[in-house]
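**Q** One structure, as structure tokens, below. Some questions next.
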């Protein structure tokens with residue numbers, strides 16, 4: 001995962017955050033989407049994140065992970 005500096009973070013559009021109003025949990029690539037899920041779980045367990053916001057982070061991160069998943073090669077049937 002590329003280190004996300006403050007300068008790079010400011011360049012990410014709001015739409016690429018799981019919680020865009022707060023600009024929290026960047027999900028602009030696969031690595032950050034996976035990391036967002038882990039950090040959100042930690043914050044939920046610590047009592048710093050509501051269940052509804054946690055669910056939002058998970059839903060958006062999973063959508064990003066599905067959208068950026070490597071395509072599987074089609075298997076050919078043997079005759």
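Read-outs throughout are calculated quantities, based only on the coordinates presented, and are distinct from any laboratory measurement. Remember, it's a predicted structure, so these values are computed and weren't measured experimentally. Note that each Cβ is placed from the backbone with ideal geometry, even for glycine, and that neighbours are counted across all protein chains shown.
**Q** From the list [x] 45; [y] 30; [z] 60, can you say which value of percent of Cα pairs over 18 Å apart was derived from the structure given?
**A** [x]
**Q** In nanometres, what is the gap between the two model label sites at residue 62 and residue 5, each 7 Å from Cα along Cα-to-Cβ?
**A** According to this spin-label approximation, the distance is 3.6 nm.
**Q** Further question on the same structure: Determine the calculated [θ] at 222 nm for the chain from helices alone, applying -39500 (n - 2.57) to every DSSP H run no shorter than 4 residues and normalising by the residue count; nearest 500 deg cm²/dmol.
**A** Details: 3 runs with 40 residues, N = 79.
After summing the helix terms and dividing by the residues of the chain, the value is -16000 deg cm²/dmol.
**Q** Between the alpha-carbon centers of segment 1-16 and segment 17-51, tell me the distance in whole angstrom.
**A** Here the two parts' Cα centres lie 14 Å apart.
**Q** For residue 21 and residue 41, compute 0.36 nm times the residue count separating them, minus their Cα-Cα distance, and round to one decimal in nm.
**A** Details: separation 20, 0.36 × 20 = 7.20 nm, distance 1.93 nm.
Extending this stretch completely gives an extra 5.3 nm.
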